[in-house]
Every structure is written in C-alpha cells, then in structure tokens.
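Asks: One structure coming up, written as structure tokens, with questions to follow.
Rule-based calculations on the coordinates, nothing more; no lab input. Computed from a predicted model, the values in this text were never measured in an experiment. Here the Cβ positions follow ideal geometry from the backbone for every residue, glycine too, while neighbour counts run over all protein chains shown.
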Amino acid sequence: MRIGIGNDHAAVELKNEIIKHLTNKGYEVINFGINEGETVDYPEIGEEVGRAIVDNIVDYGVLICGTGFGISLAANKINGIRACVCSEPVTASLSKRHNNANIIAFGARIVGLEMAKAIVDSFFDAEFEGGRHQRRVNLLTDIEERVKAED
Ligand code: RB5
C-alpha cells in the first residue's frame, strides 16, 4: 500500500515520526510535506495529497497541520476525497469502516506521538464495510456530481 503523507510547518517533527512508524510497519510512504526550516500554506499540501490519491499515485493519505482541520478542508475540496480529521483512534477506524475515508488527518498541536500512532494504526488496520455504508458513500458522490453539474 502506498501512503502519501503531507504536513505544514506546524507538523514537521510529528510527520517525521509517523513516516518512521509507517515505514517500519512495511508501508511505502511518499512525503509530500515540507521539512525542517520550510514553511507552507496548508491548502497547498492538502490539495497535493488529495490529487495524488485521485490520480492513483498513492492509495491513501495522512495529513498533519496544527489542528488537522485546515489541511483536511483543502483535501476535501477535491472530488473523490473523504478526509477525516480526528484526535482519537475510534473515529479513525469508523471513518474507514463506514465512510470509506481515504485520508486521515490530525493536529500536531492536538495529539501527541503515541496518540498519532494509534490513529494511523486504527485507520490502516480498518477495512471499509460496504453494504449500507456503500449506499451512503454513493450519496456523497452524488452531491459532488450535482455541484459539478451546477458549475
Ligand atoms: C499554521 O500555523 C496553522 O494555522 C495550521 O497548521 C493549521 O492548524 C490550520 O488549520
């Protein structure tokens, strides 16, 4: 599984630790984020990782900014992206199992390293359950189609 990870300047250290953690677990991790000494506006990175998913460059994304919210908002502007911002593992797991989330986001100013590891582990260990949840995810796609048609 290929995972695209992205971060702004609020989350460089946590991003580096999460790359190590996911790599040690055998995932291929591609870094779309910035590194020490750089700054960036979070929408740029959220968009880049979101596009990498819809373009099939990576399968899933991990986004980290100060709160996780801004960067997830940016990714969610892209049709086909379902980015969940959370600060604990239960929501992370359910976002995959019920909402077929393809990005998990969290805040470096909100969660510590151990919680961040628990969040990504819950997310990547979970499987989308389909069934009635597929119908609801399809309804989300329908919204995207309607909005596109109105443009
Ligand atoms: C950057 O200071 C901060 O605004 C950003 O990381 C994020 O928290 C926005 O949602």
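Asks: If we keep just the residues of region 53-79 that are surrounded by fewer than 22 Cβ atoms within 10 Å (Cβ to Cβ) and part of a helix (DSSP H, G or I), which is farthest from the ligand (Cβ to nearest atom)?
Replies: 54
Asks: Across region 22-47, what is the total count of residues that are among the acidic types (Asp, Glu) and surrounded by 20 or more Cβ atoms within 10 Å (Cβ to Cβ)?
Replies: Selection size over region 22-47: 0.
Asks: Say we look at region 86-111 and pick out the residues that are within 16 Å of the ligand (Cβ to nearest atom) and of a type in the set (Gly, Ala, Ser); which of these is surrounded by the most Cβ atoms within 10 Å (Cβ to Cβ)?
Replies: Among them, the one singled out is 105.
Asks: Can you name the condition, by its number, that residue 109 falls short on among (1) in a loop (DSSP other than H, G, I, E, B); (2) free of Cβ contacts under 8 Å to residues at least 60 places away in the same chain; (3) of a type in the set (Lys, Arg)?
Replies: It is condition (2) that residue 109 fails.
Asks: Out of region 11-31, which residues are within 15 Å of the ligand (Cβ to nearest atom) and under 16 Å from the mean Cα position of the chain (by Cα)?
Replies: Residues satisfying the conditions are 11, 12, 14, 15.
Asks: Name the residues in region 93-109 that are over 17 Å from residue 15 (Cα atoms) and touching a helix residue (DSSP H, G or I) at 6+ places or on another chain (Cβ under 8 Å), would you?
Replies: Scanning region 93-109 gives 93, 95, 96, 97, 98, 99, 100, 101, 102.
Asks: Condition test on residue 35, is it among the polar types (S, T, N, Q), touching a residue at least 60 places away in the same chain (Cβ under 8 Å) and either away from the ligand (no atom under 11 Å from the Cβ) or in contact with a Pro (Cβ under 9 Å, 6 or more places away or on another chain) (or both)?
Replies: So residue 35 does not fit the description; no.
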